[in-house]
Amino acid sequence: MSDISLPPAEQLSIAEQEVVQLCSELIQIESVNTGDPATVGDGEARAARYIQAKLEEVGYETTYVESAPGRGNLVARLAGADPSRGALLVHGHVDVVPADPAEWTVHPFSGAVQDGYVWGRGAVDMKDMVAMTIAVAREFKRSGVVPPRDLIFAFMSDEEAGGLVGSQWLVDHHPELFDGATEAISEVGGFSVSLDETRRAYLVAAAEKGVGWATLRARGTAGHGSMRHDDNAVTRVAAAVARLGAHRFPITRTATVDALLASITELTGFEFPDEDLEGAVAKLGPIARMINATLRNTANPTMLKAGYKANVIPSTAEAVVDCRVLPGSEDGFREQVAELAGDDIDIEWVWLPPLEFPFEGDLVGAMQAAVRAEDEGGVTVPYMLSGATDNKAFARLGVAGYGFAPLRLPADLDFSGLFHGVDERVPVDSLQFGVRVLDRLLRTC
């Protein structure tokens, strides 16, 4: 149950009142991205069409495009007072990862509203922010709000599989939809971490690790499983995977992580000595998982594929290793992986570079002001996301992207554990808080 009291319904704006229903209805659309085009289905298209209807209902002109059948993407623009200023892109993805109903307290696609939460797959990743964005966009149009600069609202498919038929495809094929955009806000940032009973840090993602999905491939000689066989592709790829999985890359300091740790020290007095940096971070509670993941490069084996029969030694074997790379360390990383894998392993890469943007300027100042207006004990601090967002695609257009999906959270909620987790849920009052903050931000930035 949330530890923040809900105001009476009559004190809520229309946007605050409808954001819960929007989030619930979005969750009920099973826009599951399996990563396999043959099994994805049309859920993303149905979610994008749902958003299109909600925006067009209040007068927006929208652009709906499909990169492939069922892979829907939607973009709308609200003109600002100063068209010479760079536009702000507010974007989100409509796809979600799979969920097994047998593991959940409620059905993952029920969108149940109970115990002060909206439950279901996508509640925090990221149909909460999509719902908040729709609610504020609708309120602006209904009320005739003219923001300081153009606002571009974009809702895309395929983020959970790298955005290759979502944001990356849009940047390649429809860059005109984002003309004039210079900055962006999106997911996995702006959520609160309680420092004490009255103060909260709101972590804004000013950086993202790079993504390197490495497919390792070993070749050998096929043969009968009953005979001695030294040229075994399975043995070879397994040894490479074991070396990579066991390797610990060194701690590497980055500007954004240093700024985060300095902010925590300033706010709490807690120190982060170099001689035991990971140990000190581990004492921060649930967010330690997120922060420690940004102290070093990582290479985690995630998939294995080989063989077709128990008594046949295959001629090839494959493994996939999920690599996450810090800004500034891209040069040489792939060579390190190749060296660890071994000369007899071929590697094929899917590569999305790391991002890092300054935590300063008018937009960052407007984020801080919007948070403080709704939470006088709140302060925004930068952090680095260990995962990846669609900001990587828009960076190719020169857009500086930040993670800012504002949520004031209960102190005892393990928020980071809900991403892709069982019983994913978001507090109702957090959604309403987020609407208020987002409304203030978009009116002033």
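Bear in mind these aren't lab numbers, they're just calculated from the coordinates by the rules spelled out. For clarity, every value in this text was computed on a predicted model and none was experimentally measured. Virtual Cβ from ideal backbone geometry, glycine too; neighbours counted across all protein chains shown.
Ordering 445, 310, 135 by the projection of their Cα atoms onto the charge dipole of the chain, which places +1 on the Cβ of Lys and Arg and -1 on the Cβ of Asp and Glu, puts 310 at the extreme positive end.
Please determine, in degrees from 0 to 90 and to the nearest 10, the orientation of helix 362-374 with respect to the longest principal axis defined by the Cα atoms of the chain, where the helix direction is its Cα long axis. Computed tilt is about 60 degrees. Among 204, 145, a tally of other beta-carbon atoms within 10 Å of each Cβ gives an order, fewest to most, of 145, 204. Rounded to the nearest 20 debye, the dipole size of the range 303-445 about its Cα centre is 520 debye, using +1 on the Cβ of Lys and Arg and -1 on the Cβ of Asp and Glu. Annotation: for a label point projected 7 angstrom from Cα along Cα→Cβ of residue 443, residues of the range 139-160 with backbone N closer than 15 Å are 139-149. Amide H to amide H distances under 5 Å link residue 181 with 87, where only residues 5 or more positions off or on other chains count and H is placed in the peptide plane.
Bridge orientation summary for the chain: considering DSSP beta bridges with both residues in this region, about 70 percent are antiparallel. Compared with the rule-of-thumb size 2.2 N^0.38 Å for a compact globular protein, the range 230-293 has a Cα radius of gyration ratio of 1.65. Taking the C-alpha atoms only, the angle from helix 428-444 to the longest principal axis of the chain is near 70 degrees. Among 234, 90, the ranking by other beta carbons within 10 Å of each residue's beta carbon, starting with the fewest, stands as 234, 90.
Calculate the translational D of the range 56-199 in whole µm² s⁻¹ from Stokes-Einstein, where the hydrodynamic radius comes from the Kirkwood formula applied to all Cα pairs, the temperature is 25 °C and the viscosity 0.890 mPa s. Roughly 145 µm²/s, to the nearest whole number.
For the peptides 300-310, 434-444, the ranking by mean Cβ contacts within 10 Å, running from highest to lowest, is 434-444, 300-310.
Panel order for 110, 84, 186, by other beta carbons found within 10 Å of each beta carbon, from fewest to most: 84, 110, 186. The charge dipole of the chain, taken about the Cα centre with unit charges on the Cβ atoms of Lys, Arg (+1) and Asp, Glu (-1), comes to about 460 debye, rounded to the nearest 20. Each residue of the range 122-133 is assigned a 3J(HN,Hα), and the resulting list reads x, 4, 10, 9, 9, 6, 5, 5, 4, 5, 4, 5 Hz, derived from the Karplus form 6.51 cos²θ - 1.76 cosθ + 1.60 (θ = phi - 60°), x at Gly and Pro.
For the residues 328, 342, 210, a GNM of the chain with alpha-carbon springs under 10 Å puts the largest fluctuation on 342.
Converting phi to 3J(HN,Hα) with the Karplus coefficients 6.51, -1.76 and 1.60 and the offset θ = phi - 60°, the range 375-381 yields 8, 5, x, x, 9, 8, 9 Hz in sequence order, with x at every glycine or proline. Across the range 339-354, rounded Karplus estimates of 3J(HN,Hα) from the backbone phi angles (6.51 cos²θ - 1.76 cosθ + 1.60, θ = phi - 60°) give 5, 5, 5, x, 5, 8, 10, 8, 10, 10, 10, 10, 10, 10, x, x Hz, Gly and Pro being marked x.
Put the Cα centre of the range 259-308 next to the Cα centre of the range 170-249 and the gap is 16 Å. How high is the relative contact order of the chain? Use alpha-carbon pairs under 8 Å, at least six apart in sequence, and give a whole percent. 24 percent. Peptides 315-325, 16-26 ranked from most to least packed, by the mean per-residue count of other Cβ atoms within 10 Å: 16-26, 315-325. Listed values [x] 24.1; [y] 23.0; [z] 24.8 include one computed from this model; for Kirkwood radius over Cα pairs in Å that value carries the label [y].
Compared with the alpha-carbon gap, the fully stretched path from residue 362 to residue 235 is longer by 40.2 nm at 0.36 nm per residue. The Cα center of the range 419-444 and the Cα center of the range 22-46 differ in position by 21 Å. Compared with the dominant principal axis of the Cα atoms in the chain, helix 43-57 is inclined by about 10°.
On full extension, the segment bounded by residue 143 and residue 308 gains 53.2 nm, given 0.36 nm per residue less the C-alpha separation.
The GNM of the chain, with springs linking C-alpha atoms under 10 angstrom apart, assigns the highest mean-square fluctuation among 45, 76, 222 to 222. Compared with the direct C-alpha span, the chain from residue 255 to residue 274 gains 5.3 nm at full extension, assuming 0.36 nm per residue.
Calculate the dipole size of the range 229-320 relative to its Cα centre from +1 charges on Lys and Arg beta carbons and -1 charges on Asp and Glu beta carbons; express the result in debye to the nearest 20.
Rounded to the nearest 20 debye, it is 500 debye.
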